[in-house]
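Visitor: If you scroll down you'll find the structure; I have some questions about it.
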Amino acid sequence: MNDLEMYREQLALCDDKIIDALVERNAIVEKIMAYKEEYGMPILQPQQEAKQKMRLEEKLEDNKYKEEIYDVFRRILRNSKKIQARKLFDYNIVLIGFMGAGKTTISDYLSTMFAMKVVEMDQLIAEREEMSIPDIFATYGEEYFRDLETGLLVEMQSNKNTVISCGGGAALRERNVEEMKKNGRVVLLTASPQTIYERVKDSDDRPVLNGRKNVKGISELMEQRREKYEAAADIVINTDNKTVLQICEELVQRIIEMEE
Ligand SMILES: Nc1ncnc2c1ncn2[C@@H]1O[C@H](COP(=O)(O)OP(=O)(O)OP(=O)(O)O)[C@@H](O)[C@H]1O
Ligand SMILES: O=C(O)C1=C[C@@H](O)[C@@H](O)[C@H](O)C1
Ligand SMILES: [Mg+2]
């Protein structure tokens with residue numbers, strides 16, 4: 001055997017070690033999940049991720065392949081998160097609720113914590129139509145927009161582990177709710193009119209709130225919608241005075257309870 005052949009064999013042995021280590025690592029990730037579930041511990045522990053990152057940084061400080069190894073670990077972490085998400089729920093999470101309830105915020109955090117894909121329905125529809133949502137309403141009417149929502153909710157049923165952040169009015173159409181349910185669990189985020197007002201008061205990109213961007217106007221529209229939102233929901237989470245982490249943890253725990 002010449003040197004080149006020998007190096008190639010050594011490389012193959014290295015790859016085998018990496019595969020074995022990754023299999024072992026993934027099994028440990030699953031054990032950690034099972035342990036947390038068994039002892040009712042929080043599933044989301046962002047401080048642990050920060051600790052792991054620091055440990056890695058210290059260990060790689062003087063390593064000449066630091067950047068390349070970081071890159072690999074970023075992917076390992078991403079895949080660990082996907083494994084955790086798959087273990088918790090093998091379907092999509094559909095977030096509904098009034099404007100400002102936190103659908104986009106919670107979607108982004110879930111995406112960070114579980115490496116889940118996010119579909120912002122309003123944004124995707126506007127991109128595909130090459131038109132803003134208010135322009136779609138003005139040009140083609142609400143029915144046309146709701147049909148696009150229905151179509152997108154059907155399309156999403158071939159995905160898994162995706163967070164679907166619905167437009168504020170999506171749950172108002174019965175057919176949309178039917179298609180939401182086929183995606184996975186429907187989670188309704190709620191907040192008091194005061195909280196919603198505080199969250200939306202400085203932004204002008206919610207045309208439905210034009211002319212009623214005050215606590216009374218929000219409260220009235222919320223009451224009109226309440227029944228339909230609640231009828232659509234598998235899980236209801238109130239978000240008043242809760243951090244994004246608390247809300248996401250509550251969501252995960254409620255999903256665990258539902259699957260038991
Ligand atoms: N739990 C929370 N605590 C404090 N602020 C929050 C919380 N959730 C959301 N917010 C803030 O409220 C505002 C509205 O949140 P977000 O855009 O996520 O709502 P949304 O439900 O997606 O609204 P829309 O239906 O209009 O898209 C944002 O500025 C966000 O940072
Ligand atoms: O609450 C609503 O009725 C709406 C909310 C937005 O997300 C958009 O989907 C649209 O402007 C309708
Ligand atoms: Mg949003």
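Visitor: Can you give me the Cα centroid spacing of the stretch 151-192 and the stretch 106-144 in angstrom?
Guide: 12 Å
Visitor: Separate question: Which value, in Å² rounded to 10, gives the accessible area of Tyr109 with a 1.4 Å probe and all protein chains present?
Guide: 50 Å²
Visitor: Name the residue from Gln10, Ile43, Asn63 whose Cα lies farthest towards the positive end of the charge dipole of the stretch 3-88, charges +1 on Cβ of Lys and Arg and -1 on Cβ of Asp and Glu.
Guide: Ile43
Visitor: Let me ask you something else. Would you mind getting the accessible area per residue of the stretch 92-259, heavy atoms of the protein chains only, 1.4 Å probe, in Å²?
Guide: I get 47 Å² per residue for this part.
Visitor: Then there's this: Taking a cut-off of 22 Å, what percent of all Cα-Cα pairs in the chain are separated by more than that?
Guide: 63 percent
Visitor: Here is a follow-up. Using only the Cα atoms of the stretch 172-260, build the gyration tensor, take square roots of its eigenvalues as a ≥ b ≥ c, and label the shape rounded, prolate or oblate: rounded if a/c is under 1.5, else prolate if a/b is larger than b/c, else oblate.
Guide: It comes out oblate by the Cα gyration axes.
Visitor: On the full set of protein chains, 1.4 Å probe, figure out the accessible area of Asp234 and give it in Å² to the nearest 10.
Guide: 50 Å²
Visitor: Relative to the longest principal axis of the chain, what angle (0 to 90°, nearest 10) does the C-alpha long axis of helix 66-88 take?
Guide: With both axes taken from Cα atoms, the answer is about 50 degrees.
Visitor: How would Thr104, Thr195 rank on accessible area, largest to smallest, probe 1.4 Å?
Guide: Details: Thr104 65, Thr195 30 Å².
Most to least solvent-accessible, the answer reads Thr104, Thr195.
Visitor: Please identify, among Ala138, Ala34, Ala126, the residue showing maximal mean-square fluctuation in a Gaussian network model of the chain using a 10 angstrom Cα cutoff.
Guide: Top of the fluctuation ranking is Ala138.
Visitor: Could I ask something else about it? Going by alpha carbons, how many degrees (0 to 90, nearest 10) lie between the helix axis of 215-232 and the longest principal axis of the chain?
Guide: 60 degrees
Visitor: Compute the angle between helix 103-114 and the longest alpha-carbon principal axis of the chain, please, reported from 0 to 90 degrees and rounded to the nearest 10.
Guide: 10 degrees
Visitor: Using a cut-off of 12 Å between beta-carbons, work out the net charge of the residues near Lys31 (Lys and Arg +1, Asp and Glu -1, Lys31 not included).
Guide: -1
Visitor: Take the alpha carbon gyration tensor of the stretch 8-72, find the square roots of its eigenvalues, order them as a ≥ b ≥ c, and report rounded if a/c is under 1.5; if not, report prolate when a/b exceeds b/c, else oblate.
Guide: Here the stretch 8-72 falls in the oblate category.
Visitor: Same structure, new question: Express the C-alpha Rg of the stretch 50-173 as a ratio against the empirical globular expectation 2.2 N^0.38 Å, rounded to two decimals.
Guide: Relative to the 2.2 N^0.38 Å estimate, the stretch 50-173 comes out at 1.39.
Visitor: For Lys117, enumerate residues with amide H under 5 Å from its amide H, sequence gap 5+ or separate chain, H modeled in the peptide plane.
Guide: Long-range HN contacts for Lys117: Val163.
The values are calculated or read from the model by the stated rules, or taken from the named source; none is laboratory data. If you're wondering where the values come from, they're calculated on a predicted model, not measured in any experiment. We place every Cβ from the backbone using ideal geometry, glycine too, and count neighbours over all the protein chains shown. Keep in mind that these areas ignore ligands, DNA and RNA; they rest on the heavy atoms of the full protein, side chains included. Shrake-Rupley method; radii C 1.70, N 1.55, O 1.52, S 1.80 Å.
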